[in-house]
1. Restricting to the chain, compute how many DSSP beta bridges are antiparallel as a %, nearest 5.
2. How far apart, in nm, are the 7 Å Cα→Cβ label points at residue 230 and residue 218?
3. Evaluate the distance, in nm, between pseudo-label points positioned 7 Å from the Cα of residue 256 and of residue 157 along their respective Cα→Cβ axes.
4. Would you kindly state how much longer the chain becomes between residue 243 and residue 189 on full extension, computed as 0.36 nm times their sequence separation minus their alpha carbon distance, in nm to one decimal?
5. Would you mind telling me which residue in 239, 118, 23 has the biggest mean-square fluctuation in a Gaussian network model of the chain, where springs connect alpha carbons within a distance under 10 angstrom?
6. Just want the ordering: 271, 53, 46, from fewest to most Cβ atoms lying within 10 Å of their own Cβ.
7. Can you compute the helix-only [θ] at 222 nm over the chain? Use -39500 (n - 2.57) per DSSP H run of at least 4 residues, normalise by all residues, nearest 500 deg cm²/dmol.
8. Starting from the Cα of residue 58, step 7 Å along the direction of its Cβ; do the same at residue 28; then give the gap between the two resulting points in nm.
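Readers should treat all values here as calculations from the given coordinates under stated rules, not as data from a laboratory. Since we're looking at a predicted model, the values are computed, not measured. In this analysis, Cβ positions are derived from the backbone assuming ideal geometry, glycine residues included, and neighbour counts consider all displayed protein chains.
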């Protein structure tokens, strides 16, 4: 765990720092928050161009880091005037979909692939309040941490693998499909649950696919950049239309890549069942 994360985890110090920063003038306060959130130096997070997922040597994070990751984001931030939950980086998509599809007296069934310790479940719970049956599919270490974090939440469950059968209303994945060996095959698997909507958020897409290595400290993970035309084709063959495609203003440093492989943004895709 980094020094910044250790300090952030120390609640009394965190509260003192928060009060001190909030006492600053608006412009200085926003500048400082942006520096804390985004950092000052943005080194390239990726390296290499590979044809296969297996070409990148995997170095997983430690169990301690995995548990810290599972806890990240579970402390909700609210604005002061109405107590509204603050959502960033496309995390508003799922609550919006739940709000539009929810029916009184009927639980929406949701698969959250790569849902960490329940960050998006907490957002849905706090912003929509609809009845849901929420399944998070994650790595074993994250699942174990998640079960400890939510011991008395019957509508939330964790699994190390996708269900072998059943139907779900929404399949959702926030920044996760790029870490599997076959992301397009995973999209096809999502459609087998016959969801009304598939949300693929904060995953990289380009005109052509390739693998790059995501390096952060001692951790190294294969990271697919998927082909958007191919994703649209395979989902169309399964009866799903690409209803929305976009990105946001957050840009990563990919100056170490040539023009054909310079993918600096993450995509937000919404597939609707025809």
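1. Numbers: 26 of 46 bridges.
Antiparallel: roughly 55 percent of the beta bridges in the chain.
2. Simple spin-label model gives 3.4 nm for this pair.
3. A separation of 4.2 nm, rounded to one decimal place.
4. Once the chain is fully extended between residue 243 and residue 189, it gains 17.5 nm.
5. 23
6. Working: 271 27, 53 16, 46 21.
Ordered from fewest to most neighbouring Cβ atoms within 10 Å, 271, 53, 46 come out as 53, 46, 271.
7. When only DSSP H runs of four or more count, the value is -9500 deg cm²/dmol.
8. In this crude label model, residue 58 to residue 28 measures out at 4.8 nm.
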